[in-house]
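Visitor: This structure is in structure tokens; I'll ask about it shortly.
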Amino acid sequence: REKERLSVTLRSLADAVVTTNADGRVILFNDAAATFSAMNRDQASGLRFEEVFRIVSRSTGDPAPSVVAEGLANCAVVESEPGMAIISSDGVERLVSAHAAPIHDHAGAVHGMVVVIRDVTEREKLAEELLRASKLQSIGALAGGLAHDFNNMLTAVLGNLSLIRHGRHLPSELQNCVQEAERGALRAQELTRYLLTFADGGAPLHKAMDVERHL
């Protein structure tokens, strides 16, 4: 009954559970663990943990330090380093975390290790999306501040250009120069509106257009 209860418990777990002996060789693993290995239980039995489950650094592709070997050497609980990945049985790379703990007998001697491997792919993706959103929010705040300051300066420029253009003593040959400067300042002001749109999270700009001219 105890064996059946243990078997049912292991099958119901979403995390991979692997048990090794004192030599670091696989004794058993549950169904979830089979998804992280190209071997079945019979093929994996007796092989070293590192031969059955190939955990590598996501950034370099190098084999990760063995949590089983380290746990056996130090008789201690071991956590895998961040950024680890494993090639699952379907050929898909999955981000994982591994936790290994020693198995003690009544006398305190270590008889093996139990390893729990958890698929953290979705969790890492969510963390990356949150970080990306935070960065975009910071950039948007910066863009909004710059746009407001730039728009204030352009308002002063446009106001002075308007006064010059309507002045009584403006030579006719400078009239076109002032008008061209005004058009450039207005185009720059349009750019600030685009920056403010980005800062506001993409709120649309409404502008009247002649449809026939753009067909």
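The values are calculated or read from the model by the stated rules, or taken from the named source; none is laboratory data. None of these values were measured; they are calculated from a predicted model. Glycine gets a Cβ as well: all are built from the backbone with ideal geometry, and neighbour counts include every protein chain shown. With ligands, DNA and RNA removed, areas are computed over all heavy atoms of the protein, side chains included. Shrake-Rupley method; radii C 1.70, N 1.55, O 1.52, S 1.80 Å.
Visitor: Name the residue from F53, G91, Q189 whose Cα lies farthest towards the positive end of the charge dipole of the chain, charges +1 on Cβ of Lys and Arg and -1 on Cβ of Asp and Glu.
Guide: With unit charges placed on the Cβ atoms, the residue in question is Q189.
Visitor: Taking a ≥ b ≥ c as the square roots of the Cα gyration tensor eigenvalues, with a/c under 1.5 meaning rounded and otherwise prolate when a/b beats b/c, else oblate, which class fits the range 27-99?
Guide: Oblate, because a/c is 1.5 or more while a/b does not exceed b/c.
Visitor: Going by a ≥ b ≥ c, the root eigenvalues of the Cα gyration tensor, does the range 92-152 fall in the rounded group (a/c under 1.5), the prolate group (a/b larger than b/c) or the oblate group?
Guide: It is prolate, given that a/c is not under 1.5 and a/b is the larger ratio.
Visitor: Here's a follow-up. Tell me, what % of the accessible area of the chain is carbon and sulfur with a 1.4 angstrom probe?
Guide: Heavy-atom surface of the chain belonging to carbon and sulfur, 1.4 Å probe: 57 percent.
Visitor: Continuing with this model, one more query. Remind me, relative contact order of the range 70-209 in percent, using alpha carbon pairs under 8 angstrom and six or more residues apart?
Guide: Computed value for the range 70-209: 18 percent relative contact order.
Visitor: Something else about it: Based on DSSP H runs of at least 4 residues, each adding -39500 (n - 2.57), what is the mean residue ellipticity at 222 nm of the chain after dividing by all its residues, to the nearest 500 deg cm²/dmol?
Guide: -16000 deg cm²/dmol
Visitor: Next question, about the same structure. I'd like to know which of F150, V110, S80 lies farthest towards the positive end of the charge dipole of the range 67-168, counting +1 on Cβ of Lys and Arg and -1 on Cβ of Asp and Glu.
Guide: The listed residue farthest towards the positive side: F150.
Visitor: D for the chain, whole µm²/s, Stokes-Einstein with Kirkwood Rh over alpha-carbon pairs at 10 °C and 1.306 mPa s: what number?
Guide: 69 µm²/s
Visitor: Nearest 20 debye, what's the magnitude of the dipole of the range 93-215 about its Cα centre given +1 on Lys and Arg Cβ and -1 on Asp and Glu Cβ?
Guide: Dipole about the Cα centre, nearest 20: 360 debye.
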